[in-house]
1. For the chain, what percent of Cα pairs sit more than 30 Å apart?
2. If you line up the long axis of helix 67-80 against the longest principal axis of the chain, both from Cα atoms, how many degrees apart are they, to the nearest 10?
3. Roughly how many Å² is the accessible area per residue of the stretch 185-272, as a whole number, for a 1.4 Å probe?
4. Expressed as an acute angle from 0 to 90° and rounded to the nearest 10, what is the orientation of the C-alpha long axis of helix 392-405 relative to the principal long axis of the chain?
5. For the stretch 131-136, just list the computed ³J(HN,Hα) in residue order, Karplus coefficients 6.51, -1.76 and 1.60, θ = phi - 60°, integers in Hz, with x standing in for Gly and Pro.
6. Can you give me the solvent accessible area of L485 with a 1.4 Å probe, rounded to the nearest 10 Å²?
7. Across 5 Å bins from 0, what is the distribution of all Cα-Cα pair distances for the stretch 61-203, in whole percents?
8. From the protein chains alone at 1.4 Å, what is the descending order of accessible area for S448, S41, largest first?
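The values are calculated or read from the model by the stated rules, or taken from the named source; none is laboratory data. A quick note: this is a predicted structure, and the numbers were derived from the prediction, not measured. Virtual Cβ from ideal backbone geometry, glycine too; neighbours counted across all protein chains shown. To get the accessible areas, we keep the full protein, side chains included, count just its heavy atoms, and leave off ligands, DNA and RNA. Shrake-Rupley method; radii C 1.70, N 1.55, O 1.52, S 1.80 Å.
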Amino acid sequence: MKTSAHFEVSEKLNTYMDALADQGYFNGAVLVAQENQIILSKGFGMANFEHDVHNTSTTKFRLGALTKSFTSVAIIQLQDQGLLDANDPITLYIPNYPNGNIITIHHLLTNSSGIPDYPTFPHFWKKTMKLYSTIEQTIESFKDKPLQFTPGEGYNYTSSSFLLLSYIIEKVSGMSYQKYITDHLLSPLNMRNTGIEDGRTLLKHFASGYSICKGIIPTEYVDMSLHAGAGGMYSTVEDLYLWDRALSKDGILTQQQWERLFGEDTSPFGSYGWVVTEQFINNKSRKRVWHNGTMNGFYAEFNRYVDEDITIIVLSNVNLTPVDVICERLAKIVMGEEVLPPNPFSRISIAPNELRKYAGIYNTGEEATSIDSTRVTELREALDKLSSIDNPKFAVGLFYETFYQYGIDTTKTAVVTYEEDTLYLFIQKNWGAWFKYEIVPLSKEDNSLICTTLHIKEQIEFRIEPNGRLRLIHLDPHGHRTEALNLIPI
């Protein structure tokens, strides 16, 4: 039963999330619970923009790497049954696997195997992810790649190890990964809206995934057969809360298993499907058990503050959404720290000939002196043509090629384009992917223009230096401040 304190916190949570959603900064579903009491469970925005279908607390979202926690518990179950041991070398279950005699199941579970991450391979985004692949075929794609380090002597985040764990689960249990997880975890926990996606089964109340390029666009297609126990699951915030309760101290894990998973801090790459660390909230260090997950068009984060018994789950079907920032701010609200919702903003009008002066390539490095002045006009014309391309996904690839041709470091570059009387920021965000989103002018003085952005809450200032050069000051949702000088006006 909700207490008066829960009602007060619930009202603050709703106010904050409603403000984000009303201003277009959140699209998805959120659940917040404290001490076995759900104090917010709600959907926001659209599950499908094309058909005006709204998100709810029972809308299904892709989970990406949140799948790994289910795979890990399946391995623990099979160990309890005496069918495997986490210290076993994987060659016992996958004969002839390269270095399988020195790679253990424990290495796979703790991101310490040294096996490279298959989604980072060349051509994955252009070709591989669009094609059907069995677990065995996906394993073939990485098994002969050299190890990044000796197993057990380092850490790297890799989904490849969880493909191997999926295969081991199938071989040991005699079931498909999908059937094992359904029969031994989802059905016993009554997680009726959770499953493993194969891309060939109709899923009702399933959100579509989106990205941002100028506006909201459909995400790139991915064949979900590729990901299995590394990232192939879908769920709802309400079902994931059932999973959270199952992983509590009074849930499906023994005390010894719970301590192995959540007792000590992990590497930044996580262990057994979770990252265990500390987060400072309201003047106190809090033990935080968490993981995030991405899958084309989706971004999820699951936070568990185990000492306070607070759970925060945020699922979004727009992949630019900073779900980690939202999770942290919701946690601060629950733990009594003041968090102000974003204020509504009003756009000011600026004449087109004035607005377009802010377009250009802005760079944090020293490349401004490296481009021959005779090529500036040529580069400007090339970028102007790219800005007019209707297909934003195609344009992104051409931007890369153009930057490379002119020796511009994309990791230190932001592009401001002027298109149809509107400014857009074109910049690398999550995992190096490029996004283009609208810049909204808010106030102007003689030497500065203050702006915000659509779809992701950021602050931008254009400042005119004494020498007449433009400086871009960018503040992202995490509070990271970047300053860049205009390299080439476009």
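1. 51
2. Here the helix axis deviates by roughly 20 degrees.
3. About 43 Å² of surface per residue is accessible.
4. 70
5. Karplus-based 3J(HN,Hα) across the stretch 131-136 equals 10, 4, 8, 6, 4, 4 Hz.
6. 50
7. Going out from 0 Å in 5 Å bins, the stretch 61-203 shows 2, 9, 19, 23, 20, 15, 9, 3, 0 percent.
8. Result of the area sort, largest leading: S41, S448.
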